[in-house]
Amino acid sequence: MTDHLTVVDHPLVQHKLTLMRDKGTSTAGFRRLLREITQLLAYEITREMPLTTTNIETPMEEMDAPILAGKKLALVSILRAGNGMLDGVLELIPSARVGFVGLYRDEETLQPVQYYFKAPEGLKDRLVIAVDPMLATGNSSAAAIDLLKEAGANNIRFLCLLASPEGVAKMKESHPDVPIVTASLDREINAKGYILPGLGDAGDRMFGTK
Ligand code: URA
């Protein structure tokens, strides 16, 4: 993956995203759509996973058939909204290992502070896909990637549903080696850090909180 930012413009992705943005969409509908759209985005972000071959016998004959190479992928959810993207990826890649990064924003310094970190072992040998539906200011995403790199990851991709120009710029400055795959590059963020036109608070919409 050579581009820093890939916007997946597939019609199914765009259609589902419109349904998700609509404030009339129910919590259950939002969650289902997020799972479905994540699968389509995951298909794109895993496009260049390396393959090797394994020798098998079909009912007809022997063959050397393609199979994923290397250690199992690590999927890392940036809490809490990232959890809404886990199931979609895990349905496609059930053997993936799963980690979690929890960060909150210090109201005085406005900087992200870590409250939880648990990652699969051997990160340095794995493709690591960090998931968070909203790349808004980019501060927490960049901090999460810092933590993953400190833990040894060196082949990281970032999967989100919506990205803002500010968030993409922050990630490009802090982590130019981390490709981003998203369903949309939206217009801007507002003073409170919400993406416009966006879809509101992704965590609240998927978990039914306010
Ligand atoms: N997080 C959200 O849930 N929504 C936004 O618009 C920005 C950050």
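Of all lysines in the structure, those lying under 19 Å Cα to Cα from LYS71, and not within fewer than 8 positions of it along the same chain, are LYS118, LYS124, LYS149.
Between the beta carbons of GLN114 and ASP64, assuming R0 = 35 Å, the FRET efficiency works out to 0.20 to the nearest 0.05. A Förster radius of 22 Å, combined with the Cβ-Cβ distance separating LEU5 from LYS210, puts the computed FRET efficiency at roughly 0.10. Amide hydrogen proximity for GLY99: with H placed 1.01 Å from N in the peptide plane, the residues at 5 or more positions away or on another chain lying under 5 Å are LEU75, VAL76, SER77. Between the Cα long axis of helix 11-21 and the first principal axis of the chain there is an angle of about 30°, rounded to the nearest 10. Helix-only arithmetic for the chain: the sum of -39500 (n - 2.57) across DSSP H runs with n ≥ 4, divided by the residue total, places the mean residue ellipticity at 222 nm at -10000 deg cm²/dmol.
Counting only GluC sites (Glu not before Pro) that are in a DSSP loop and have at most 13 other C-beta atoms within 10 Å, tell me the longest site-free stretch of the chain. Write out the running numbers ahead of the final one.
On the way: sites that count: GLU48, GLU61, GLU107, GLU108, GLU121.
The longest uninterrupted stretch comes out as 122-210.
Treating each Cα of segment 1-123 as an identical point scatterer and ignoring solvent, apply the Debye formula and state log10 I(q)/I(0) at q = 0.19 Å⁻¹. At q = 0.19 Å⁻¹ the computed log10 ratios are -1.20.
As a test, work out the antiparallel percent of DSSP beta bridges whose residues both lie in segment 1-152, rounded to the nearest 5. Counting only bridges with both partners in segment 1-152, antiparallel ones make up about 60 percent. Put a plus charge on the Cβ of each Lys and Arg, a minus charge on the Cβ of each Asp and Glu, and nothing anywhere else: the dipole of the chain about its Cα centre is then about 620 debye. Solvent-accessible surface of segment 5-207, averaged per residue with a 1.4 angstrom probe and all protein chains in place: 51 square angstrom. Please report, as a whole percent, how much of the solvent-accessible surface of segment 5-207 comes from carbon and sulfur atoms (probe radius 1.4 Å). Solvent-exposed carbon and sulfur of segment 5-207 make up 52 percent of the total. For segment 59-75, 3J(HN,Hα) computed residue by residue from phi via the Karplus equation (6.51, -1.76, 1.60; θ = phi - 60°) reads x, 9, 6, 7, 8, 8, 10, x, 8, 4, 9, x, 5, 5, 4, 10, 10 Hz, glycine and proline entered as x. Distance distribution note for the chain: the fraction of Cα pairs above 26 angstrom is 33%.
Using heavy atoms of the protein chains and a probe of 1.4 Å, the accessible area assigned to VAL76 is about 0 Å². Of all lysines in the structure, those lying under 18 Å Cα to Cα from LYS192, and not within fewer than 8 positions of it along the same chain, are LYS170, LYS210.
The values are calculated or read from the model by the stated rules, or taken from the named source; none is laboratory data. Bear in mind that the values here come from a model prediction, so they are computed numbers and not experimental data. For neighbour counting, all protein chains shown are included, and Cβ atoms are generated from backbone atoms with ideal geometry for every residue, glycine included. We work out accessible area using only protein heavy atoms, side chains counted, and drop any ligands, DNA or RNA first. Shrake-Rupley method; radii C 1.70, N 1.55, O 1.52, S 1.80 Å.
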